[in-house]
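No lab work stands behind these numbers, since they all come straight from the coordinates. Fair warning: this is a prediction, and the values are worked out from it, not measured in the lab.
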Amino acid sequence: MKAAIYARYSTDMQSAVSVDDQFRLCSERARSEGWTVVGQFADRGISGASLIRPGIQDLLQHALVGKFDVVIAEALDRISRDQEDIAGIYKRLNFAGVRLFTVSEGLISELHIGLKGTMNAMFLKDLADKTRRGLRGRVELGKSGGGNAFGYDVVRKTDALGEPVRGDRKINQTEADLVRRIFTLYADGKSPRAIAHLFNAEGSKGPSGKTWGPSTIHGNKDRGTGILNNELYIGRLVWNRLRYIKDPDTGKRVSRLNPVEQCVIHEVPDLRIIPQDLWERVKVRQASVALGRSTSSEAAGFWDRRRPRFLLSGLVKCAECGSSYVKISQSHFGCAGARNKGTCGNRKGVRRDILEETVLSGLQHRLMTEEHLDLFCKEYTKEYNASRTTARAVHNQQIARLSRISQDLDRLVDALIDGVPADRVKTRMQALEAEKIKLDAMMSAEPREVLTVLHPAMSGLYKNSVMNLRQALTGQDAQAEAMDLLRGLIDRIVVHPPNADAAEVLIDIEGDLAGILSVSDKSKKAAGLSPDDLVQIKMVAGTGFEPVTFRL
């Protein structure tokens, strides 16, 4: 039987050697069972509470195409600690005809999935409760409940027994001076954006060690985020204002605001940076700004940070600094680096409707022409042939090595027959046998031969498809789907501001080749290409294909 090994450790605080230890333990068990290990998969520093892990996803993909017969892990909690995820993994492996085996529990059945899955989920909850209890005890002593704030340094010291004392911090005077300036400037009428511009012009570093942004300063008043809302600056340590849960679809942590009565507040006067009167002035101005935004419908619409999702949102980049283009008025996009941080000289805005129409026209008429298709076919064929030549060379080397191993093993057997002591040749024979097994496994996993035929009318099909998508944007029923499909055709759009050589704004449209090929074929599968082929094509075509440039 062919076996695959999966290993995982949870956090960056754990040793990466843990994976090697798990591989070694599982390999020994595989040998004792008489199984041949043909693959190893691992996730390093990733929690078992999420299924968004590259290693486990790669393992499942290989299982579905029959690369192995059994999966070995140290224990079931290495596969997953989430009840839903471990059941889903087991069902997928079972569907593929692959058994699940662990060193701790043996062959896994539905009984293990139910009992161990529940126990692992309870372990996670119990661990979280104990962690919160320990952090609260630290907060009650006036110490940090995790993380640090701008304006403070972490104090590292040990107790009488040499054990580390955690949670202490002290004021960083240089950063504290910046915090006082922020409060003073804001109270005197400067906006967070103006303060960020000023600090970036002076070369001051923000909390992340990079440039300042307005959101770093204004944050969210209700959540206590941002420089202006951190009560630690007035000597109040507030803990448990937020709780974090994982989105089951994305695996990312999402914050939720806790009820006020669940917050833990502790006075730490030695950490005060901001005088009380200055803090009150800032709160009064924040309240007046919030009131002004809520009483003006036009202002409320402009300042609403939950902006509607436009066709090109997140795809447009500045050629000068690489920042994203964001909405700077009701009808214009502009460079975020120039507007929010003052770190870019590109202050030329572009009208959203003109930008969208230019991009749509470029997608339909310029991104895939017959000349582009011919060039792509030639480049793809050349690269494909080169890769197959390399693969054949490696394959021939493996065949030659297998032949030499067989000859060496035959000579060692002859030596044993001639009376050479077995202990003198045992180690060498074992090493050759192991190498032979490894080479056999590698050759059995050789990629399939692919004969790709690109339809000669692909460019015409593509243009018609984009035209239909453009028409769908004007309707309500399929508008969202059409927008997603059109966005899938674009890698990014780079905006070049006017210069001495060109008085107009220039944009480069860089297309996503996998999306372009997919939309070109009515069967939803690009000219017979599989997803693996599309990834390969995208890498091949990354060089040699210049982006399409347009003038606005």
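Computed values, structure above
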{"quantity": "Distant-in-sequence amide H partners of His332 (H built 1.01 Å from N, under 5 Å)", "calculated": "Arg352"}
{"quantity": "Anisotropy class of the range 14-127 from Cα gyration tensor, a/c 1.5 cut", "calculated": "rounded"}
{"quantity": "Cross-link table Lys2/Lys436; Lys190/Lys283; Lys170/Lys205; Lys221/Lys327, entries beyond 21 Å C-alpha to C-alpha", "calculated": "Lys221/Lys327"}
{"quantity": "Asp491 long-range amide H proximity, modeled H, under 5 Å", "calculated": "Glu510, Gly511, Asp512"}
{"quantity": "Whole-Hz couplings from phi, Karplus 6.51/-1.76/1.60, listed for the range 205-221; x for Gly and Pro", "calculated": "8, x, x, 8, x, 10, 6, 8, x, x, 5, 4, 8, 7, x, 10, 4"}
{"quantity": "Histogram of C-alpha separations across the range 126-210, 10 Å bin width, %", "calculated": "14, 33, 26, 19, 7, 0"}
{"quantity": "From phi via Karplus (6.51, -1.76, 1.60), per-residue ³J(HN,Hα) for the range 435-440 in Hz, x at Gly/Pro", "calculated": "5, 5, 5, 5, 5, 4"}
